[in-house]
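Participant: A single structure is presented below for examination.
FYI, it's all coordinate maths here, none of it is from the lab. Predicted model, so just to flag it, every value in this text is computed and none were measured. Counting neighbours? That spans all protein chains shown, and the Cβs are built from the backbone with ideal geometry, glycine included.
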Amino acid sequence: MPSNAEAAETFRTIADLLDVLGERFKPEAYRRVARSIDSLTEDLAAIAARGELRSIPGVGDAIEEKIREYLASGRIGYLERLQHDVPAGVADLLRIPGLGPKSARRFWTELGIEGPAELLAAIDAGRLNGVKGFGAKKIAQVRSAVDAARATAGTARAPIEVAYPVAMRIVRALREAGVADRVEVAGSFRRGRETVGDLDILVTSHNATRAFDVFTALPEVREVRLRGGTKETAILTNGLQVDVRVVEPASFGAALQYFTGSKDHNVIVRTLAKDAGLRVNEYGVSRGEERVAGATEEEVYAALGLAWIPPELREGRGEVEAARKGPLPPLVQDRDLRGDLHVHLPDASGAGEVDRLLGAARHRGYAYVGVVGEGVTADGKPFRLSEPVLARAVKASSPRFRVFRVAEVDGLPPEEGDAPSGVDLLVRRPTARHPGVPTDTEDPRPPAVVAHIGAGTPDAGTAVRGWIAYAAKVGAAVEVGPGPDRLDSTWARYAREQGVRLAIPTGLLGSGEDPTCPVSLAFARRAGAQVADVANAGVAAGAKRK
DNA sequence: GCCGTTTTCGGCCCGACTGTTTTCAGTCG
């Protein structure tokens with residue numbers, strides 16, 4: 001049975017080949033479907049079995065037929081015909097930055113170039129000299145791009161938790177240098193996607209050149225690719241691309257909306273605007289010559305008759321239709337977090353580490369923190385926090401601040417003595433000893449949280465579904481967040497659909513740049529989680545939620 | 001190839017930047 005990821009990749013291949021063949025709109029149609037399939041929480045086969053393929057955004061008659069063919073045979077005749085027409089390497093030319101479908105097609109049809117290696121040979125043989133549209137500079141650019149593409153084997157997207165600290169440093173540097181009034185990271189970073197292709201940073205500034213200079217001087221910046229009057233593109237030492245854009249304050253909201261995306265979301269918003277006789281671009285919303293909105297995102301959406309939409313929901317999955325009807329339900333946010341149910345102290349923690357943890361929890365105004373005192377590691381070995389250290393933590397409990405003793409136990413079936421005494425709550429996790437999914441619903445002492453499950457291992461989907469089903473039965477929450485051991489936003493959405501609450505790790509022991517809490521929160525928000533959907537969130541006593 | 005509270009056909013986001021141009025095409029986001 002082919003996986004959803006493989007199906008999405010297949011449709012992307014079709015899109016590339018259609019691009020090379022010069023098709024105008026079909027490539028985007030196939031890419032849209034590929035994106036939709038990537039964000040499904042269910043196997044295509046299950047959706048197909050229910051006859052609901054057409055409910056996937058971007059799937060119409062023709063693509064439904066191709067999905068059915070793919071599920072039945074693992075092949076798509078249409079793709080095979082395209083592959084017969086276009087040499088395999090020609091589509092690879094699209095991967096080279098600066099080359100698009102037009103160039104790839106021309107190289108192939110006019111010069112017989114059928115791949116990156118042949119392109120390089122053609123350049124060296126001087127066969128590109130005199131080709132219209134390719135001067136010496138362009139040829140040199142293409143040549144180095146081919147070399148670079150070989151070296152990096154395609155620019156992979158970075159996990160958001162990797163991009164987070166560097167994004168924070170860039171933002172802080174721009175703010176502290178006093179060259180920018182407003183600084184925001186837009187793009188998929190702001191939408192909280194699991195991976196980011198680049199960082200889009202928007203600033204308002206009276207002096208674009210100085211803002212660019214401040215950014216370029218950062219040690220993280222390896223090379224500047226281009227600099228115009230309003231935009232600079234640079235590559236960081238870790239390979240991440242960063243675009244810094246300077247915009248007018250009156251346009252900041254429109255620019256933020258525009259560059260936050262997603263593409264699918266913006267297409268829907270723009271189409272809506274057009275139908276209403278309005279025009280939306282990164283400078284603002286206008287009716288004819290009259291400018292209607294632009295300074296804030298709220299007024300941009302309002303001008304289109306829409307409630308403001310949280311960035312994490314802007315994926316073209318029905319959020320625009322919902323925002324037409326009125327304000328969207330509030331998503332869980334940082335200030336809703338009441339504590340952490342599951343903190344691991346490092347093996348050799350001493351009293352100082354405990355104090356730091358508790359101090360951090362109090363500083364954030366948390367009402368509780370759960371410290372894992374004993375349990376099993378992933379490879380099944382028992383571990384125990386030193387008793388004096390744990391006792392010191394528990395002693396810090398007060399009526400307004402509770403310290404829980406947490407035991408982390410491994411996968412079912414529950415064994416005699418599985419639930420230790422003197423423990424406030426259990427966290428259940430898969431381990432090498434018991435990697436399997438629990439089947440016994442008569443758990444003598446159900447866990448509060450199921451943690452360390454994630455799609456980081458191959459073929460993990462079945463296991464993750466099993467753990468979520470178990471959590472649903474016993475009323476446990478599941479841990480969401482960055483890294484292979486936690487659930488991403490797609491799985492978090494699935495968990496919510498199954499009626500399971502989420503547990504958000506808060507990174508209490510991390511530094512100010514620790515991505516754990518903001519990224520986990522973003523994943524929960526992408527899943528549409530509200531306060532009631534998060535086990536360690538709630539409305540503070542005496543505080544009224546807006 | 002998809003899509004529709006002004007459409008089942010005629011649209012499909014749009015502006016910056018670059019290079020090679022003498023007015024623009026291609027690429028990118």
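Participant: About the Cα centre of segment A:77-178, how large is the charge dipole given +1 on each Lys and Arg Cβ and -1 on each Asp and Glu Cβ? Please answer in debye to the nearest 20.
Facilitator: In total the dipole reaches around 480 debye.
Participant: Let me ask something additional. Expressed as a whole number of Å, what is the distance separating the alpha-carbon centroids of segment A:54-90 and segment A:172-203?
Facilitator: When both Cα centres are located, 38 Å separates them.
Participant: Order of A:506, A:490 from fewest to most other C-beta atoms within 10 Å?
Facilitator: A:490, A:506
Participant: Ok, one more. Express the relative contact order of segment A:80-190 as a whole percentage, based on alpha carbon pairs under 8 Å and six or more residues apart in sequence.
Facilitator: 19 percent
Participant: Here is a further query. Order these peptides, A:289-298, A:302-311, by their mean beta-carbon neighbour count within 10 angstrom, highest first.
Facilitator: Per-residue mean Cβ counts within 10 Å order the peptides as A:302-311, A:289-298.
Participant: Mind checking the dipole of chain A: about its Cα centre, +1 per Lys or Arg Cβ, -1 per Asp or Glu Cβ, Debye to the nearest 20?
Facilitator: The calculated dipole for chain A is roughly 1400 debye.
Participant: What is the antiparallel percent of DSSP beta bridges lying wholly in chain A, to the nearest 5?
Facilitator: Antiparallel bridges: around 50 percent, rounded to the nearest 5.
Participant: Here's something else I'd like to know. Residues of segment A:231-258 with amide nitrogen under 18 Å from the 7 Å Cα-to-Cβ point of residue A:209?
Facilitator: Correct set: A:231-233, A:245-247.
Participant: Another question about this same structure. Rounded to the nearest 20 Debye, what is the dipole magnitude of segment A:301-359 about its Cα centre when Lys and Arg each give +1 and Asp and Glu each give -1 at the C-beta?
Facilitator: 420 debye
Participant: Pairs of alpha-carbon atoms within less than 8 angstrom and 6+ residues apart define the contacts here; what relative contact order does segment A:170-225 have, in percent?
Facilitator: Dividing the mean separation by the residue count of segment A:170-225 yields 36 percent.
Participant: Suppose the chain between residue A:148 and residue A:378 were pulled fully straight at 0.36 nm per residue; how much longer would it get relative to their current alpha carbon spacing?
Facilitator: So the extension gain works out to 78.9 nm.
Participant: If you stretched the chain out fully between residue A:50 and residue A:218, how much longer would it get, using 0.36 nm times the residue separation minus the C-alpha to C-alpha distance?
Facilitator: In short, 55.1 nm is gained.
Participant: Using θ = phi - 60° and the Karplus relation 6.51 cos²θ - 1.76 cosθ + 1.60, list the HN-Hα couplings for segment A:176-187 in order, rounded to whole Hz, with x at every Gly or Pro.
Facilitator: Taking θ as phi minus 60°, the curve returns 6, 6, x, 9, 9, 7, 10, 9, 9, 8, 9, x Hz for segment A:176-187.
Participant: Oh, and also: Post the alpha-carbon centroid distance, segment A:314-362 to segment A:1-30, in whole angstrom.
Facilitator: 37 Å
Participant: Please work out the Cα center distance from segment A:468-494 to segment A:211-290, rounded to the nearest Å.
Facilitator: Answer, in whole Å: 34.
Participant: Next up: With a Förster radius of 30 Å, plug the Cβ-Cβ distance of residue A:334 and residue A:398 into 1/(1 + (r/R0)^6) and report the FRET value to the nearest 0.05.
Facilitator: Approximately 0.80, to the nearest 0.05.
Participant: Tell me the relative contact order for chain A as a rounded percent, counting alpha carbon contacts under 8 Å between residues six or more apart.
Facilitator: 9 percent
Participant: Please name whichever of A:301, A:104, A:512 sits farthest to the positive end of the charge dipole of chain A, dipole taken about the Cα centre and charges placed at Cβ: Lys and Arg +1, Asp and Glu -1.
Facilitator: Of A:301, A:104, A:512, it is A:301.
Participant: Pull up the cross-link candidates among the lysines for residue A:132, meaning alpha carbon to alpha carbon under 28 Å and not fewer than 8 places away within one chain.
Facilitator: By straight Cα distance, residue A:132 reaches A:26, A:102.
Participant: For A:511, A:39, which order do you get if you count the other beta carbons within 10 Å of each Cβ and list the fewest first?
Facilitator: In increasing order of surrounding Cβ atoms, one gets A:511, A:39.
Participant: So what are the three principal axis dimensions of chain A from its Cα atoms, in whole Å, longest to shortest?
Facilitator: Rounded to whole Å, the extents work out to 81, 60, 49 Å.
Participant: Here's another thing I want to ask about it. Quick one: A:111, A:509, fewest Cβ neighbours within 10 Å first, how do they rank?
Facilitator: With the fewest neighbours first, A:111, A:509 line up as A:111, A:509.
Participant: For chain A, what is the mean residue ellipticity at 222 nm derived from helices alone (per DSSP H run of n ≥ 4: -39500 (n - 2.57); sum divided by total residues; nearest 500 deg cm²/dmol)?
Facilitator: After summing the helix terms and dividing by residue count, I get -12000 deg cm²/dmol.
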